[in-house]
Amino acid sequence: MAGNFEQQRHALSITHTYYDSSAVDDDGAYWANLDERFHDSAVFAPLFLEDDQYTHLVFYPIYSPSTFGIDLEFYNAAGEQVGRIANWRAVESTPDQFFTLDFRAAASQHFSPEHLRHFQGVNIIKHWPERGRIPTRLKFGLNVGQIGQAMNLPTNVCFNSQLANANLLTKPGTFKWSPILDGAHSVVVVLNGSAVKAYARTATLRLTFYREADQQTLSREAILPPFGQLRLAVATDTELREFLQAQPGWVTIQADSPFVTAWYFDFNPSGAVGGDHSF
């Protein structure tokens, strides 16, 4: 196990450890992108950049040896691109390449604070000069935290970047599920993003909510545009809050696009944030 440790209050936010591929350089450790429709590798992730929140991306020195560049594309909830930073950084897979991307700090160098309020999702695009040597394992840590509370204990969500895989284009859909652990402070984010360069696939969602109290369910439908997102915040969703009755529950997500993903977060008033990707 691993995670983030809050030294003042000796609190721990745990996750599983990351596999170290830094010494793995055989042919099986790499992927070649031969399809120009795809970025070499990309992943679409949620952003929390309100005044009392932050989102960081942690890069660990655990990747198979290679050198790659990073572009950042920012989107609002409707899937409109509202900002872009080309060639944010070049990364070399060396033992000293441990660093954290503070999205607010990086974006503030290019955009005004008012403009940043529209940033709710980011497509993290990686590109390789040697496109036949793309590591198959690219794990990152997503730290979402709160500012100005008694405790500063963010998430450390381990997740993987998507490679150029044309087989996904013929996949009819996907199924995800996510817990809703804290009935008062939970946020589930459903995303529709892809490593496809000209991604234009709208996703239709069927959501079914469950609760621990009984066998009743709550059903909804939603449509997500490309790079759009749906945020289910229990604190501001009256119907969902009354359904859960301040108790844990979970949601299943049936989508007609294979590129739909989901994440869940619990923003405790103490300042601790729990979270993970969907399953």
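Nothing in this text is a laboratory measurement; each read-out follows from the coordinates by a stated rule. A quick note: this is a predicted structure, and the numbers were derived from the prediction, not measured. FYI the Cβ positions are ideal-geometry reconstructions off the backbone, even for glycines, and counts take in every protein chain you see.
Who wins for biggest fluctuation among Pro172, Pro154, Pro258 in a Gaussian network model of the chain, springs between alpha carbons below 10 Å?
Looking only at Pro172, Pro154, Pro258, the biggest GNM fluctuation is shown by Pro172.
PRE reach from Ala222 (point 7 Å along Cα→Cβ): which of the stretch 115-152 fall under 18 Å by backbone N?
It comes to 118-123, nothing else.
Tell me, what HN-Hα J-couplings in whole Hz come from the Karplus equation 6.51 cos²θ - 1.76 cosθ + 1.60 at θ = phi - 60° for each residue of the stretch 178-188, using x for Gly and Pro?
Values per residue, Gly and Pro as x: 9, x, 10, 7, 10, x, 9, 10, 8, 9, 10 Hz.
If R0 is 22 Å, what FRET efficiency do you get for Ile14 and Gln247 from their C-beta distance, rounded to 0.05?
Numbers: r = 23 Å, r/R0 = 1.06.
With R0 = 22 Å, the Cβ-Cβ based efficiency is 0.40.
Report the Cα-based extents of the chain along its three principal axes, largest first, to the nearest Å.
So the three principal-axis extents are 53, 48, 39 Å.
Working from the pairwise distances between different alpha carbons, so that the mean of 1/r is found and then inverted, what is the stretch 22-111's Kirkwood radius in Å?
Numbers: mean 1/r = 0.0655 Å⁻¹.
Mean inverse Cα-Cα distance, inverted, gives 15.3 Å.
Give the relative contact order (percent, whole number) for the stretch 151-238; include only Cα pairs under 8 Å separated by 6+ residues. Numbers along the way, then the final one.
Working: 91 pairs, mean separation 26.9, N = 88.
Taking the mean separation of contacting Cα pairs over the length of the stretch 151-238, I get 31 percent.
Please list, in order, the residues from the stretch 225-247 whose amide nitrogen is less than 18 Å from a point placed 7 Å along the Cα→Cβ vector of Ala213.
Under 18 Å, as judged by backbone N against the label point of Ala213, lie 234-247 of the stretch 225-247.
Pick from Val82, Val157, Val144: which residue has the top mean-square fluctuation in a GNM of the chain where Cα pairs under 10 Å get a spring?
Val82
Please compute the modelled spin-label separation between Glu80 and Phe159, points set 7 Å along Cα→Cβ, answer in nm with one decimal.
2.4 nm
To the nearest 0.05, how large is the calculated FRET efficiency for His127 and Arg201 if R₀ is 22 Å and r is the Cβ-Cβ distance? Mind dumping the intermediate values first?
Details: r = 22 Å, r/R0 = 0.99.
For R0 = 22 Å, the calculated efficiency reads 0.50.
As a footprinting exposure proxy, order Val196, Val260 by other Cβ within 10 Å, with the fewest listed first.
Values: Val196 20, Val260 25.
If I rank by nearby Cβ atoms, fewest first, I get Val196, Val260.
Taking the Cα of Leu34, stepping 7 Å toward and past its beta carbon, and measuring to each backbone N in the stretch 166-192: which are under 16 Å?
166-168
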